[in-house]
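Undergrad: Mind looking over this structure? Questions follow.
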Amino acid sequence: MENKFIPLSVPNLKGNELKYVTEAIETGWVSTAGPYVEKFEEKVAEYVHTKGAVACQNGTSGLHIALLVSGVNCEDIVLVPTLTFIAAVNPVKYVGATPIFMDCDSSLCMDPMKVERFCQEECEFKDGKLIEKKSGKRVKALLVVHVFGNMADMISLMRIANRYHLKVIEDATEAIGTYYTEGAYAGQYAGTIGDVGVYSFNGNKIITTGGGGMIVSQNEAFLKEAKHLTTQAKSDEIYFMHDEIGFNYRMTNIQAALGVAQLEQLESFISVKKERYMQYKKAFQQVDGLNLLEVRSGIRSNYWFFALMCEGFILNRDEVIKYFSDNNVQSRPIWGLVSEQIPYRKDRAYMIEKAKYYWKYVVNIPCSTNLLVEDVQRISQLIINAPSK
Ligand SMILES: *Cc1c(COP(=O)(O)O)cnc(C)c1O
């Protein structure tokens, strides 16, 4: 018992999941038609206060559609973070656009100061368009990721976007439930501040539908187009007429049944995550070289993932991960920088410094909502008592 395996992040399915999924199966509504899909869309829109929501197959397909409805095409540049999961950036390539990689700030999210400097020094703003001098291409959009559930600095990023007429796509795949508690955006949720936002319900996210995603926006025309594109762009139901190239991206009723049950528990999941975060934070305070990264001030985070910085600790990042693993605790390093991955090495990366630094020291530690107080105690004690190698 003492040494049971503690996974990094696993689903918690102890609410109405079985009941709703059973109902979906018993009524025969297992595919993309069925009452749970619309119900889940309504519940998410209600929860994050948007004009609507469009359910899709996963976060990746949601981001693909978000770029399309934002009008990003093969002639455009999109500014993207390098410190993120690669699925945030791949959709930029799906639409044939060019990514340019930006650095992060101490929240691990896109650094607005460097974005601003890039716009000022590397681009020219004329006729309402921001043109990158090197390529002569238009910078059309910012793709912002709310890393680990923390909020990117949306106040600064939106100011830059407004000044240079950039669309803002929020990859809020990790951040459903995160919102501003103060300032100009008080009460506004991650994913709802820019032009279009996307959530993911992959197995390791804070709520899951097995696989699934949701597109949200305050722009009704965007929502309408997103629904159209995710459902094969059918313009006539009876005669099967289609007015664009659409996609088969709609969520199924089984997924949505899971989603409705999971959303009912989201606030309680966030409370548990916050408690576990605080417990770790307190434990690590006594240890030299260990530090849990903070939430941006003025934010209610969803505390999705916990990032432990091992800078100046007796073990380096890889040794920490190995030590945990030897003791039946799963942990992992942060993602390899996207700008350094094989398909992206030829794309421009602008002044990447902090991302390299955080890459070197961050270890993600267990954060599931079914993690017990005793589990956090065991993990903290392990690392506090870690022998130097
Ligand atoms: C999970 C995730 C995605 C992709 O979501 P899927 O539902 O797995 O397709 C995209 N971006 C980030 C930052 C993610 O963490």
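The values are calculated or read from the model by the stated rules, or taken from the named source; none is laboratory data. These numbers were taken from a predicted model, which means no experiment stands behind them. In this analysis, Cβ positions are derived from the backbone assuming ideal geometry, glycine residues included, and neighbour counts consider all displayed protein chains. When the accessible area is computed, the model is the full protein with side chains, heavy atoms only, and any ligands, DNA or RNA have been set aside. Shrake-Rupley method; radii C 1.70, N 1.55, O 1.52, S 1.80 Å.
Undergrad: Can you give the % of DSSP beta bridges in the chain that are antiparallel, to the nearest 5? Can you show the working numbers first?
TA: Details: 31 of 50 bridges.
About 60 percent, rounded to the nearest 5.
Undergrad: Accessible area of H242, 1.4 Å probe, to the nearest 10 Å²?
TA: 90 Å²
Undergrad: Related question: How much of the DSSP bridge set in region 70-219 is antiparallel, in percent, rounded to the nearest 5?
TA: Values: 11 of 28 bridges.
The antiparallel proportion sits near 40 percent.
Undergrad: Also, I was wondering about something else. To the nearest 10 Å², what's I155's accessible area with a 1.4 Å probe?
TA: 70 Å²
Undergrad: Same structure, new question: Please give the FRET efficiency for E42 paired with F125, using the beta carbon to beta carbon distance and R0 = 41 Å, rounded to the nearest 0.05. Please report the intermediate quantities before stating the final value.
TA: Values: r = 40 Å, r/R0 = 0.98.
Computed FRET efficiency for E42 and F125 comes out at 0.55.
Undergrad: Expressed in nm to one decimal, what extension gain is obtained for the pair K389 and Q232 from 0.36 nm per residue of sequence separation less their Cα-Cα distance? Walk me through the intermediate numbers first.
TA: On the way: separation 157, 0.36 × 157 = 56.52 nm, distance 5.71 nm.
Length gained between K389 and Q232: 50.8 nm.
Undergrad: Now, a different point. Of the heavy-atom accessible surface of region 229-364 (probe 1.4 angstrom), what whole percent is carbon and sulfur?
TA: 51 percent
Undergrad: Further question: Expressed in nm², what is the orientationally averaged projection area of the convex hull enclosing the Cα positions of region 160-230?
TA: In nm², the orientation-averaged hull projection of region 160-230 is 5.7.
Undergrad: Explain nothing, just the number: relative contact order of region 17-264, from Cα pairs under 8 Å at least 6 residues apart, as a whole percent.
TA: Contact order relative to length: 27 percent.
Undergrad: In the full protein assembly as shown, how much of F85 is accessible to a 1.4 Å probe, in Å² to the nearest 10?
TA: Counting only protein heavy atoms, F85 exposes about 100 Å² to solvent.
Undergrad: Please list, by residue number, every one of the GluC sites (Glu not before Pro) in region 118-218 that is coil in DSSP and has at most 11 other beta-carbon atoms within 10 Å.
TA: Details: sites: E121, E122, E124, E132, E170, E174, E182; in loops: E122, E174, E182.
In loop regions of region 118-218 (DSSP not H, G, I, E or B), the sparsely surrounded GluC sites (Glu not before Pro) are E182.
Undergrad: Please give the direction-averaged projected area of the C-alpha convex hull for the chain, in square nanometres with one decimal.
TA: That works out to 20.4 nm².
Undergrad: Given a Förster radius of 25 Å and the C-beta distance between Y94 and H49 as r, what FRET efficiency does 1/(1 + (r/R0)^6) yield to the nearest 0.05?
TA: Efficiency, rounded to the nearest 0.05: 0.30.
Undergrad: Can you sort S61, S135, S297 by 1.4 Å-probe accessible area, starting with the largest?
TA: Largest to smallest exposure gives the sequence S297, S135, S61.
Undergrad: On a full-extension model of 0.36 nm per residue, what is the gain between E23 and R159, subtracting their alpha-carbon distance, rounded to one decimal in nm?
TA: Additional length available on full extension: 44.3 nm.
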